[in-house]
Ligand SMILES: [Mn+2]
């Protein structure tokens, strides 16, 4: 299905004013205005993204109280366990807090639940195990805010519970009758009882930026701990080095959790990418080496998203998250190298599993879509590895542009099915599951991604209700994929200087996408050439009014035929990039889409 192009509108007078005031090229001014930055000061702050732009940790609700409680526990020699999560954000968050506690001389341990047999978040059995093992204080990272009943268990076990999280709390009305007295109600939400809750986005919170990931919340708490330990805003040298490492780890969590790269997240990632290079833990260094990143002059968001985070996640997906954590916190380069190699092996295993589930699920998806073109997909298969169904659901949601739920059925048919769903822009998956929850054993997540458990026998009824819900809430128009285009710009405008300025809007990612430009009246300067081992990509050269530029269409190999057939001028949508090759820098286009003109 062809994509609809949506070109951002703009006001030429405002573009001209910002162009003059900030001394930047018109297209850059237009890109900034499109990102809601209207004046010279805003443009400077955005382009500089200084580390000092991070808010003081004292401003984060709960951070001061949590830090005080933790310091008291350290002073009293009480044992602290950091309770984390098995994804890249949760592992990074656990590493940050654990390194900090050890630096402060705490008796600190960690616990990461097993994705395959415990699942996400606090659970009763784990808390009992921790209490029996002598833990006094449990500090959650990247989880816990929805664990109303589990917090009660912690209390009964005599544990001091400190929750740090960034997920949505439970809605009070969704709690079972028996749980209601256990929760503290704030408006419509129900919070677990805890000695402290550190969270950037609870209802009635005054914190200006709720978009922090779990690792960034952990970083703020660690920073508050360091400040209190130093009795000063400026911390000593060892703590400073630790905090720079922690900024690098927080950047991994931020990119991996796909939170919007604006405000504090943009600052964290911009500086964190540098910290990963200049203040690496032995584990980060080893990861960079196994992924071949050590040869690059700098680490960018794509390196984190496609090389570092998937390796950490692979460990969790295959039930080995503690190894990824050990990798991040070890002091030994030798052990780091071994762990990094082992985890890369797990990542290759994950890729193989993913391919096989993708093939099976895609076969089903194609048949379903032929039957009904405007509804969601609920697909299930026996033995699909539960650790990869989320990634495959994401790929299918993108390909078919509709919400997708994949359910892994137990090999023996005795345990309930485990499902994972991914959504598309404008469709709230969390709400959709809540609307069908009478068929589910449990579910959790947010707008774009969610998990569920379901009895096998209930899948048919769930599918019918879920698909009916999708049909009611998704128009035919929503089902057509859209391409957002930031601005029109002729090839002649793509000078080295301008494209370099566009690069300074980086780091790019969710919420701050690499700009897409378009232009018309373009012709092929030479026949396109398939490149890549299997000819998946296309190398091209475009020409417009005497200016010619090289372009690459990643995954666009199949366009070859149609592009040769297109006789007249075409319109192209593309991302301008600077290509570094053998010490030379050239402007290049990454082709996103194209169309014949006059149709
Ligand atoms: Mn997270």
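The table below gives the values:
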| item | result |
| --- | --- |
| Residue list for the stretch 369-388, restricted to those being in contact with a strand residue (DSSP E or B) (Cβ under 6 Å, 6 or more places away or on another chain) and over 21 Å from residue 453 (Cα atoms) | none |
| Residue pairs meeting the criteria (Cβ under 7 Å; at least 6 apart or on separate chains; first farther than 18 Å from residue 201 by Cβ, in the stretch 143-167; second within 16 Å of the ligand (Cβ to nearest atom) and assigned to a loop (DSSP other than H, G, I, E, B)) | 150/122 |
| In the stretch 457-480, the residues that are more than 26 Å from the chain's Cα centre (by Cα) and surrounded by 15 or more Cβ atoms within 10 Å (Cβ to Cβ) | 458, 459, 462, 463, 465, 467, 469 |
| Residue check for residue 316: buried (at least 23 other Cβ atoms within 10 Å of the Cβ), in contact (Cβ under 8 Å) with a residue 24 or more places away in the chain, out of contact with any helix residue (DSSP H, G or I) (no Cβ under 6 Å at 6 or more places or on another chain) and closer than 28 Å to residue 447 by Cβ | yes |
| Residue within the stretch 563-571 that is part of a strand (DSSP E or B), within 30 Å of residue 297 (Cα to Cα) and assigned by TED's automatic domain parsing to the domain that holds residue 494 present | no |
| Residue check, residue 250 surrounded by fewer than 24 Cβ atoms within 10 Å (Cβ to Cβ) and either modelled with pLDDT under 95 or within 16 Å of the ligand (Cβ to nearest atom) (or both) | no |
| Among the candidates 499, 492, residue that is modelled with pLDDT of 95 or more, surrounded by 20 or more Cβ atoms within 10 Å (Cβ to Cβ) and under 23 Å from residue 5 (Cα atoms) | 499 |
| Of all residues making up the stretch 386-401, the number that are more than 20 Å from residue 441 (Cβ to Cβ) and not in a helix (DSSP H, G or I) | 2 |
| Failed condition for residue 210, given (1) assigned to a loop (DSSP other than H, G, I, E, B); (2) surrounded by fewer than 24 Cβ atoms within 10 Å (Cβ to Cβ); (3) in contact with a helix residue (DSSP H, G or I) (Cβ under 7 Å, 6 or more places away or on another chain) | (3) |
| Residues located in the stretch 342-366, provided they are surrounded by 15 or more Cβ atoms within 10 Å (Cβ to Cβ) and either in contact with a helix residue (DSSP H, G or I) (Cβ under 7 Å, 6 or more places away or on another chain) or farther than 30 Å from residue 376 by Cα (or both) | 342, 343, 344, 346, 347, 350, 354, 357, 358, 361, 362, 365 |
| Filter result for the condition that a residue is in the same structural domain as residue 405 (by TED's automatic domain parsing) and within 16 Å of the chain's Cα centre (by Cα), over 454, 424 | 424 |
| Flag if residue 294 is more than 25 Å from residue 102 (Cα to Cα), surrounded by fewer than 24 Cβ atoms within 10 Å (Cβ to Cβ) and under 17 Å from the mean Cα position of the chain (by Cα) | no |
| Search result, residues across the stretch 115-166 that are more than 15 Å from the ligand (Cβ to nearest atom), touching a helix residue (DSSP H, G or I) at 6+ places or on another chain (Cβ under 8 Å), modelled with pLDDT of 95 or more and in a loop (DSSP other than H, G, I, E, B) | 123, 136, 157, 158, 159 |
| Selection within the stretch 257-278 - in contact with a helix residue (DSSP H, G or I) (Cβ under 7 Å, 6 or more places away or on another chain) and at pLDDT below 95 | 257, 259, 261 |
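The rows are residues; the columns are (1) closer than 25 Å to residue 159 by Cβ; (2) away from the ligand (no atom under 16 Å from the Cβ); (3) in a helix (DSSP H, G or I).
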site	(1), (2), (3)
219	yes, no, yes
229	yes, yes, yes
232	no, yes, no
241	no, yes, yes
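The values are calculated or read from the model by the stated rules, or taken from the named source; none is laboratory data. This one's a predicted model, so the numbers in the text were calculated from it and none came from an experiment. Using ideal geometry, Cβ is built from the backbone for each residue, glycine included, and neighbour counts are taken over all protein chains shown.
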